[in-house]
Amino acid sequence: MSNQDNPATTNDREESMSQVTGSQASNTRDRNANNRSVSSHSLADVANARLTKVGTPTISGSGLEARGIHAWFGSKHVLEDISLDFFTGTVTALIGPSGCGKSTFIRILNRMHEFIPTAALAGQVILDGKDVYDSGVDVTKIRLKVGMVFQKPNPFPSMTIKENVLSGLKLSQLKIENADELLESCLRRAGLWDEVKDRLNEYGGALSGGQQQRLCIARSLAVNPQVLLMDEPCSALDPGSTLRIEETIRELSDSMSIVIVTHNMQQAARVSDYTGFFLSDGGPGRLIESGTTNDIFTNPREKRTEDYVSGRFG
Amino acid sequence: MSQTQFAVKPARPWKLSIRSLIPDILGAFFTVFGSLAIVAITPLKGKLGFALVLITLAIITATTVSWLRKDRKAAMNSRTTVLVYIAAAFVIIPLTSILYEVVRLGTAGFSLRIFTEDMSVTASDTDLSEGGLLHAVIGTAYVVFFATILSTPIGVLTALYIVEVKGRFAGLVRFFVQAMSGVPSIVAGLFIFAFWMIQMGNAYSGVAGAFALTVLMIPTVARTSEEVLKLIPQDLREAGLALGATQWRTVATVVIPAAKSGLVTAIILGIARVVGETAPLLVTIGGADAVNLNPLDGNMSAFPMYVWKNLLIGSPNAVSRAWLGLFVLMVSVLIFFAMARYFSSARRRSA
Amino acid sequence: MTIVAPDKKVTPAPRVITTEPRITDKVFRAVVTGGGMISLVLLGLIAYFLIFNGFEAIRNAGLGFLTGFEWEDAIPEIGQDARYGIGAMLFGTIVTGIIAMLFAVPISVGTALFLSYYAPEWLKKPMVIVVDVMAAIPSIVYGLWGYFVFMPHAEYWAKLIHKYLGFIPIFDMPAPVFTRSPFVAGLVLAIMITPIITAISREVFAQTPPERIQAAYALGATKWAMVKAVVFPYGRGGVVGGAMLGLGRAMGETVAVYTVLNLVYDIRIEVLLSAGGNVASMIVNKFGEADFVELQALMAAGFVLFLVTLIVNFIANFIINKTARE
């Protein structure tokens with residue numbers, strides 16, 4: 001199964017990726033080379049089977065970019081020098097063993113990190129050309145542009161399905177012309193419309209886990225975010241719901257950037273265009289390697305990446 | 001971005017900088033001086049007037065400033081923040097006043113001498129250099145001591161029934177104990193009066209008061225003990241039973257020692273609850289002026305009675321004595337309260 | 001060779017396991033059950049003795065006991081029977097309770113919110129201790145402080161309210177006596193029950209599921225928007241239950257009301273006027289010199305008070321238990 005993208009463009013993107021991560025660009029991608037091949041064929045096949053999107057690289061802000069992010073809890077250094085570009089219209093997966101700071105990292109992207117009393121950070125998060133941590137920035141507006149879906153589905157139980165989807169608007173006191181249109185469009189995009197269209201006035205707690213998670217996705221969509229962060233959104237769900245949500249993720253990436261933290265490498269291979277591999281050796285978490293998902297799973301540059309994706313640890 | 005050579009410093013860019021706080025500080029100044037101005041101009045006068053104007057102006061200013069700077073939702077948020085701070089102030093101010101006044105008015109006549117004399121030979125009217133409250137101390141000690149002796153076993157047994165034995169009526173007992181903790185103290189006193197005095201023909205005495213306080217103390221001890229016992233993890237009990245112990249042995253040698261400091265807390269909280277109760281004593285112990293060493297016979301005094309009697313007399317010296325009694329009472333309550341906190345945190349430390 | 005019928009799966013019936021407890025355990029259970037039952041029995045005894053002794057009074061007055069506005073001893077000379085009715089005092093109990101709630105609930109909920117979500121870290125722990133200490137202060141302290149320290153202020157406020165809002169009937173005054181009114185009593189009671197309601201509300205707020213709070217913030221909510229959307233819906237039941245517990249406490253309060261409320265046997269809606277009373281303080285007031293007949297009436301009054309507070313507490317605990325289970 002061959003990749004369907006243009007090798008030239010791939011190399012361009014590789015270059016810009018390597019600029020961002022500061023590691024050396026590889027020379028060629030030799031799919032037949034033996035010495036760097038990955039032993040688990042399935043991951044490579046899965047990665048190669050997917051249509052890789054060509055994302056618009058961010059040069060001047062039309063997307064989300066993390067520059068030199070460090071994070072602390074008190075005096076404990078938990079993230080070191082993370083720089084990543086999140087191209088518009090693509091899905092980026094963050095993989096790595098648990099405890100290496102992936103969840104902390106995405107919480108820095110939508111300014112939820114600061115709720116923890118001992119939290120501190122360094123670096124910048126650039127959205128539309130401006131650092132979201134600048135003084136004078138309205139943090140609630142940032143969270144409207146950078147949405148989040150959590151690991152455990154958390155619809156508001158005191159609200160009906162309809163109220164849940166529109167809750168983002170109510171919380172931010174945004175007025176819209178046609179609430180019902182927005183309601184249907186968000187539920188359709190989240191893949192939930194057909195299942196709940198007759199019971200929009202029932203309470204959100206009556207749905208199954210997978211349905212609740214899709215409800216949460218619809219809820220995030222209602223405020224029209226540019227970026228959607230997802231923190232292991234399927235880890236509490238059964239495989240059937242997981243696959244449906246992965247479909248949803250692929251479709252949503254047409255209109256926004258998605259960043260998904262996942263422990264499930266097959267999921268990363270299935271769903272993402274770009275992947276970042278995090279690792280911590282007992283100290284702060286570092287971004288070991290990032291690149292197209294194909295590269296990471298078929299032909300990783302770093303040995304540690306290769307060890308992880310081939311299951312030798314983690 | 002390549003790795004930086006220098007050490008990177010942690011920062012908290014979300015913390016409000018002085019610059020961003022300038023509008024709020026200006027708003028605060030405006031509120032204070034505006035209130036002073038309004039009070040000077042309008043008929044609203046005095047501390048109350050100033051307070052009212054200050055509060056109203058603070059709410060309006062905060063809301064408007066946020067509305068102009070950001071939007072409606074931020075304005076509503078600021079308004080609520082101001083309201084919440086005001087509510088907290090409304091709680092702190094009375095407490096501070098109470099503590100301050102009790103200390104101010106109560107320590108006037110304080111000396112260690114008052115713990116050695118009673119009021120049997122001194123009239124309440126006389127100057128505070130004579131007389132004391134020994135009778136109240138002894139009376140309170142008796143009454144509380146007997147109440148503790150009676151209510152502790154019953155309270156702890158009740159908790160054991162609800163948590164360990166889980167009998168058929170456990171839910172009912174729990175509900176009734178909860179209800180009992182709401183019984184007004186005067187009703188407890190009336191009950192003992194009806195039962196011990198009318199029915200059984202006794203006169204005012206210390207034990208009658210102790211009985212009344214027992215009725216009030218049992219629910220507190222029972223409820224706190226129940227919570228404490230519930231906190232003991234089930235594994236401990238299972239470990240005991242798995243070793244072949246009977247339920248009795250498990251409870252006695254595993255559960256109760258583990259819950260020891262919590263149970264002590266429960267008892268102390270019960271004591272703190274009843275040591276200041278007035279109404280039940282008013283109808284059961286008779287309020288003596290002299291030290292009475294016999295709890296079973298004769299009028300007895302206690303702190304609340306002492307205060308009450310002096311309050312009713314009403315002359316300046318009597319009122320001063322009342323405050324003095326209040327002061328000693330408050331100090332006792334605070335000591336018990338501190339002890340309860342100490343024991344409950346000792347439990348957490350060793351748990 | 002055994003023949004096995006492939007389609008027959010016989011599920012055995014469950015075994016009946018009987019455990020005969022050892023003697024020590026039997027004794028243990030008996031003792032513990034006895035102790036637990038004492039609590040049940042006590043409540044029943046209270047009710048019984050109050051009714052038993054108050055029966056005569058209720059029988060004589062009938063339902064008028066609850067509604068009658070007079071409390072007159074018998075005057076044998078003119079052949080007048082004693083007439084005892086607690087209507088006025090019951091009204092006062094309710095009125096002072098309502099006034100207390102009006103002030104206590106908003107302040108308590110606001111303070112609980114403050115402690116849960118708004119207070120800076122260094123202030124939280126000291127202030128929680130402050131609130132707990134306030135709950136431990138004996139009511140007689142509130143009584144004296146209320147009379148000597150607080151009442152002059154409250155009197156001043158009452159005068160102002162009458163001056164500016166006197167057209168509203170409840171703020172009107174037939175005579176300008178502002179001290180020791182239901183208004184002042186209600187305020188003192190409010191200060192007294194605030195710590196209880198605050199403590200319960202705070203515990204309820206602390207149990208709000210954090211993932212819902214995170215979800216609200218992730219949608220761009222401000223703190224107040226989050227509280228409205230998540231904390232209040234979740235904590236509603238607990239707060240209501242706590243408020244009712246406070247109401248029960250306020251309605252049964254004796255000494256704190258006695259000092260700041262002038263006992264007058266009349267139903268009046270003018271809350272600023274120095275006249276009113278509640279059942280508990282009336283009992284204390286009349287107890288000292290009551291003859292046997294009056295005592296019966298006082299017992300009956302105590303029983304009514306017992307019932308009323310019991311019902312309020314039942315409802316409160318029911319609400320709290322129900323919402324705690326959700």
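The values are calculated or read from the model by the stated rules, or taken from the named source; none is laboratory data. If you're wondering where the values come from, they're calculated on a predicted model, not measured in any experiment. Every residue, glycine as well, gets a Cβ built from its backbone with ideal geometry; the counts of neighbours run over all protein chains shown.
State yes or no: is residue A:280 surrounded by 24 or more Cβ atoms within 10 Å (Cβ to Cβ) and over 11 Å from the mean Cα position of the chain (by Cα)?
no
Checked against (1) under 35 Å from the mean Cα position of the chain (by Cα); (2) surrounded by fewer than 18 Cβ atoms within 10 Å (Cβ to Cβ); (3) modelled with pLDDT of 80 or more, residue B:88 passes all but condition (2).
With the structure loaded, tell me whether residue B:206 is in contact with a Lys or Arg (Cβ under 6 Å, 6 or more places away or on another chain) and at pLDDT below 90 or whether it fails that test. Judged against the criteria, residue B:206 is not a match. Taking every residue in region B:6-21 that is more than 7 Å from chain A (Cβ to nearest Cβ) and pairing it with any residue that is hydrophobic (A, V, I, L, M, F, W, C), at least 6 positions away or on another chain, the pairs with Cβ-Cβ distances below 9 Å are B:18/B:25. Flag: residue C:226 matches the condition of being within 8 Å of another protein chain (Cβ to nearest Cβ) and crowded, with 18+ Cβ neighbours inside 10 Å. Of all the residues that make up region C:225-283, how many are part of a helix (DSSP H, G or I), hydrophobic (A, V, I, L, M, F, W, C) and either within 17 Å of residue C:140 (Cβ to Cβ) or in contact with a Cys (Cβ under 6 Å, 6 or more places away or on another chain) (or both)? Result for region C:225-283: 7.
Counting only residues that are free of Cβ contacts under 8 Å to residues at least 40 places away in the same chain and touching a Leu at 6+ places or on another chain (Cβ under 9 Å), region A:141-162 holds 3 of them. Looking at A:214, A:219, just one residue is facing chain C (nearest Cβ under 9 Å), basic (Lys, Arg), touching a residue at least 12 places away in the same chain (Cβ under 8 Å) and in contact with a helix residue (DSSP H, G or I) (Cβ under 7 Å, 6 or more places away or on another chain), and that residue is A:219. When the residues of region C:138-156 are filtered to those that are without any contact (Cβ under 8 Å) to a residue 40 or more places away in the chain and among the β-branched types (Val, Ile, Thr), the one that is farthest from residue B:80 (Cα to Cα) is C:141. The set of residues from region B:285-316 being assigned to a helix (DSSP H, G or I) and buried (at least 20 other Cβ atoms within 10 Å of the Cβ) comprises B:303, B:304, B:305, B:306, B:307, B:308, B:309, B:310, B:311.
Can you pull out the residues in region B:10-63 that are under 30 Å from residue A:68 (Cβ atoms) and hydroxyl-bearing (Ser, Thr, Tyr)? The answer is B:17, B:20. Within region A:166-177, residues that are more than 7 Å from every other protein chain (Cβ to nearest Cβ) have Cβ atoms under 7 Å from residues that are at pLDDT 85 or above and buried (at least 17 other Cβ atoms within 10 Å of the Cβ) in these pairs: A:166/A:183; A:166/A:222; A:169/A:222; A:169/A:223; A:176/A:169; A:176/A:182, counting only partners at least 6 apart in sequence or on another chain. Please tell me if residue C:221 is surrounded by 24 or more Cβ atoms within 10 Å (Cβ to Cβ) and farther than 30 Å from residue B:182 by Cα. Yes, satisfied. Of all residues in region C:178-223, exactly one satisfies the criterion of being more than 9 Å from every other protein chain (Cβ to nearest Cβ), of a type in the set (Lys, Arg) and in a helix (DSSP H, G or I), namely C:202.
Return yes when residue B:35 is under 37 Å from the mean Cα position of the chain (by Cα), more than 14 Å from chain C (Cβ to nearest Cβ) and over 30 Å from residue B:327 (Cβ atoms) and no when it is not. Judged against the criteria, residue B:35 is a match. Every condition in (1) closer than 21 Å to residue B:66 by Cβ; (2) more than 9 Å from chain B (Cβ to nearest Cβ); (3) not β-branched (Val, Ile, Thr) holds for residue A:134 except the one numbered (2). State which residue is surrounded by the most Cβ atoms within 10 Å (Cβ to Cβ) when the search covers only region A:196-208 and only residues that are under 26 Å from the mean Cα position of the chain (by Cα) and farther than 20 Å from residue C:219 by Cα. So the residue we want is A:207.
Condition check ((1) in contact with a Leu (Cβ under 7 Å, 6 or more places away or on another chain); (2) among the hydroxyl-bearing types (Ser, Thr, Tyr); (3) within 14 Å of chain C (Cβ to nearest Cβ); (4) free of Cβ contacts under 8 Å to residues at least 12 places away in the same chain) across all residues:
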residue: B:114; (1), (2), (3), (4): yes, no, no, no
residue: B:119; (1), (2), (3), (4): no, no, no, no
residue: B:130; (1), (2), (3), (4): no, no, no, no
residue: B:162; (1), (2), (3), (4): no, no, yes, no
residue: B:173; (1), (2), (3), (4): yes, no, yes, no
residue: B:181; (1), (2), (3), (4): no, yes, yes, no
residue: B:185; (1), (2), (3), (4): yes, yes, yes, no
residue: B:193; (1), (2), (3), (4): no, no, yes, no
residue: B:201; (1), (2), (3), (4): no, no, yes, yes
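Within region B:13-35, how many residues turn out to be more than 30 Å from residue A:109 (Cα to Cα) and either among the acidic types (Asp, Glu) or loosely packed, with under 13 Cβ neighbours inside 10 Å (or both)? Matching residues across region B:13-35 total 4. Looking at the structure I just gave you, is residue A:258 of a type in the set (Val, Ile, Thr), surrounded by 19 or more Cβ atoms within 10 Å (Cβ to Cβ), within 17 Å of residue A:105 (Cα to Cα) and more than 14 Å from the chain's Cα centre (by Cα)? In short, no. Inside region C:81-105, residues that are buried (at least 17 other Cβ atoms within 10 Å of the Cβ) and free of Cβ contacts under 8 Å to residues at least 60 places away in the same chain make up a count of 2.
Considering each of A:181, A:251, A:246 in turn, give the residue that is out of contact with any Asp or Glu (no Cβ under 9 Å at 6 or more places or on another chain), within 30 Å of residue C:233 (Cα to Cα) and surrounded by fewer than 24 Cβ atoms within 10 Å (Cβ to Cβ).
Selected residue: A:181, the only one of A:181, A:251, A:246 that is out of contact with any Asp or Glu (no Cβ under 9 Å at 6 or more places or on another chain), within 30 Å of residue C:233 (Cα to Cα) and surrounded by fewer than 24 Cβ atoms within 10 Å (Cβ to Cβ).
Evaluated against (1) of a type outside the set (Asp, Glu); (2) under 26 Å from residue B:48 (Cβ atoms); (3) at the interface with chain B (Cβ under 8 Å from one of its Cβ atoms), residue C:165 falls short on exactly one condition, (3). Anything in region C:21-62 that is of a type in the set (Val, Ile, Thr) and either within 7 Å of another protein chain (Cβ to nearest Cβ) or more than 23 Å from residue C:306 (Cα to Cα) (or both)? List them, or say none. Across region C:21-62, the qualifying residues are C:23, C:24, C:27, C:31, C:32, C:33, C:38, C:46. Within region C:241-265, being aliphatic (A, V, I, L, M) and surrounded by fewer than 20 Cβ atoms within 10 Å (Cβ to Cβ) holds for one residue alone: C:264. Taking first residues from region B:330-342 that are in the same structural domain as residue B:266 (by TED's automatic domain parsing) and partners that are among the charged types (D, E, K, R), the Cβ contacts under 9 Å between residues at least 6 apart in sequence or on separate chains come to B:337/C:132; B:341/C:132.
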